[in-house]
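One structure is given here, and the rest of the page talks about it.
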Amino acid sequence: MEKPKIQEVIVVEGRYDKNTLLQVVDASVLELGGFGIFNDREKTALLRRLAETRGIILFTDPDGAGFVIRNRLKGAIPTGRVLHAYVPDVYGKEKRKRKAGKEGKLGVEGMPPEVLLSALRAAGATFEGEGTSVKENPVTHADLLDLGLIGAGSKAKRAALLRALALPEHLSTAALLDVLGTLTTREELVEECNKIVANRE
C-alpha cells in the first residue's frame, strides 16, 4: 500500500520515533535528539528555515519531557508555519524497552499507524492530493469558558474532553484551541461536552 505523502517536515524527539513515522508516511522527518536540541544552534536555525519554507509539524511524546521540548521550540521558532500533532495518553511501554518511561506513557514510537495518521490530520498536515478543509465556526477562548473547560471547577470536565478526543493531559489552553481549530467546530464541541455531562450523571 502506498504511504500518504506529507508536505511539511515532521519534527520528532528521537530516531525510534522517526523510524516509526517513516513506516506510516512519506515525509521528511527530522529528529531532535531529545533535550540536545536546547544546545544545538545549527539545528534550531534549520528548524526556523524549514518553518518558513515548508512548514514543520512538532510531534513530541505526550509526557512532560515532550511538552518541555515542544514549548521551548515554540518560543525558538517565532515565524513560519508550525503545526502541533499530539498522540493520546496511552499507558504502557514500547516493545524495545525493558520498562515504561517515568510517566508510564507510550510515545510516538509506540502508537499504531492509524493513531499517527489521525494525529497528523488533526494537526492540519498537508497530505498530497487531498484538499485542506477549513472548519466553519472555529472554537474560541470564550467558548471554552462558556462550556466550563477553563476556569474554576473545569479540571474534571476538561480531562474528560481530552480523553474523549484522544489528546494528552498536558495540553495548555492555547494548544487546546489550536487543536480544536482543526479538529472540530463549536457545534461539535458543544455536542461532545453534552455527552460528557450526560455520562457523569
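The values are calculated or read from the model by the stated rules, or taken from the named source; none is laboratory data. Remember, predicted model here, so these are calculated numbers, not experimental data. All Cβ positions, even for glycine, are placed from backbone atoms using ideal geometry, and neighbour counts span all protein chains on display.
I need every pair where a residue in the range 106-128 that is small (G, A, S) has its Cβ under 7 Å from the Cβ of a residue that is part of a helix (DSSP H, G or I), sequence separation at least 6 or different chains.
Here the result reads G107/D17; A122/V179; A122/T182; A122/L183; A123/T182; G124/T182, each pair linking the range 106-128 to a residue that is part of a helix (DSSP H, G or I).
Take the residues in the range 155-194 that are touching a Lys or Arg at 6+ places or on another chain (Cβ under 8 Å) and among the hydroxyl-bearing types (S, T, Y); name whichever of them is nearest to G66 (Cα to Cα).
That would be T182.
Quick check on my filter: what residues within the range 88-107 are touching a Lys or Arg at 6+ places or on another chain (Cβ under 9 Å) and of a type outside the set (D, E)?
Matches in the range 88-107: P88, V90, Y91, G92, K93, K99, A100, G101, G104, L106.
Using the structure shown, decide if A125 is within 13 Å of the chain's Cα centre (by Cα), modelled with pLDDT of 90 or more and in a loop (DSSP other than H, G, I, E, B).
yes
Name the pairs whose Cβ atoms lie under 7 Å apart, with the first residue in the range 18-36 and closer than 17 Å to A125 by Cα, the second acidic (D, E) and surrounded by 15 or more Cβ atoms within 10 Å (Cβ to Cβ), and 6 or more positions between them or separate chains?
Correct list of pairs: K18/E31.
Return the residues of the range 130-182 that are at pLDDT 90 or above and of a type in the set (S, T, Y); say none if nothing qualifies.
Of everything in the range 130-182, just one residue is at pLDDT 90 or above and of a type in the set (S, T, Y), namely S154.
Would you confirm, using the coordinates I've provided, whether E94 is of a type in the set (D, E) and more than 18 Å from the chain's Cα centre (by Cα)?
In short, yes.
Can you give me the number of residues within the range 1-57 that are among the polar types (S, T, N, Q) and closer than 18 Å to V82 by Cα?
Here the count works out to 4.
If P168 satisfies every condition in (1) of a type outside the set (A, V, I, L, M); (2) in a helix (DSSP H, G or I); (3) closer than 23 Å to V90 by Cβ but one, which is the exception?
Every condition holds for P168 apart from (2).
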